[in-house]
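This report concerns only the one structure given below.
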Amino acid sequence: MGKVVLASGVFDLLHYGHLRFLEEAKNSGGKGAKLVVVVARDKTVMRMKGKPPIMPEEERRALVEALKVVDEAILGFEDFDMERVLNTVRPDIVALGYDQGYLEDKVKRAAKNIGINVRIVKIKKFGKRLSSSEIKKQIAKRFLKSVERS
């Protein structure tokens, strides 16, 4: 059986950068790897970003799981308990996105506390791709321009 790779994120307004992140995450596990993705809960997003996601958590989870590269997508825990996530998924590898560096120490501590070895891989940003936040800003900007013209 291949390695289990864990990736996580909000995945609000799923876009090409998300797909590339998940493809690279799975590739980090080598041939036969299984990719499990933890999708952040609405309350977690609200607490961390100060605003709710555009799409509800279950829809975000379902869209992520529908991607060919993803083997399983689960909702995270509202208390954002890294030990609980690692204990549930039992990954060999944890893939962190270019904007998830703040999680590295949490993953290391949680893995040590529950007694599992995980390798952390950092996935780089792909070109000048827009983030979900940047896409939302572009939509708002274009909407405002179209309203002004009307």
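Values in this text are rule-based calculations from the coordinates and carry no lab data. Computed from a predicted structure; not experimentally measured. Backbone-built Cβ (ideal geometry, glycine too); neighbour counts: all protein chains shown.
Points worth noting:
- Here R61, R149 are placed in order of increasing Cβ neighbour count within 10 Å, fewest first, which gives R149, R61.
- Distance-filtered residues of region 20-54 - backbone nitrogen under 14 Å, label point 7 angstrom along E65 Cα→Cβ: 36-40
- The helix-based estimate of mean residue ellipticity at 222 nm for the chain, built from -39,500 (n - 2.57) per DSSP H run of four or more residues and divided by its residue count, is -13500 deg cm²/dmol to the nearest 500.
- Among (i) 8.2; (ii) 9.8; (iii) 9.4, the entry that matches mean projected area of the Cα convex hull in nm² as calculated here: (ii)
- Its relative contact order, with pairs defined as Cα atoms under 8 Å and 6+ residues apart, puts region 4-149 at 28 percent.
- Length added when fully stretched, N27-F126, from 0.36 nm per residue minus Cα-Cα: 34.1 nm
- Taking T88, T44 and counting other C-beta atoms within 10 Å, the order from fewest to most: T88, T44
- Modelled spin-label separation between H15 and K106, with each label point placed 7 Å from Cα along the Cα-to-Cβ direction: 2.3 nm.
- What the Cβ-Cβ distance of E148 and M46 gives, at R0 = 30 Å and to the nearest 0.05, is a FRET efficiency of 0.45.
- Relative packing of peptides 26-39, 72-85, 112-125 - highest average C-beta neighbours within 10 Å first: 26-39, 72-85, 112-125
- The charge dipole of the chain, taken about the Cα centre with unit charges on the Cβ atoms of Lys, Arg (+1) and Asp, Glu (-1), comes to about 640 debye, rounded to the nearest 20.
- One decimal place: the segment N117-I54 gains 19.1 nm when fully extended, by the rule 0.36 nm per residue minus the C-alpha distance.
- Subset of K34/K106; K68/K122; K106/K141 violating a 31 Å alpha-carbon distance limit: K106/K141
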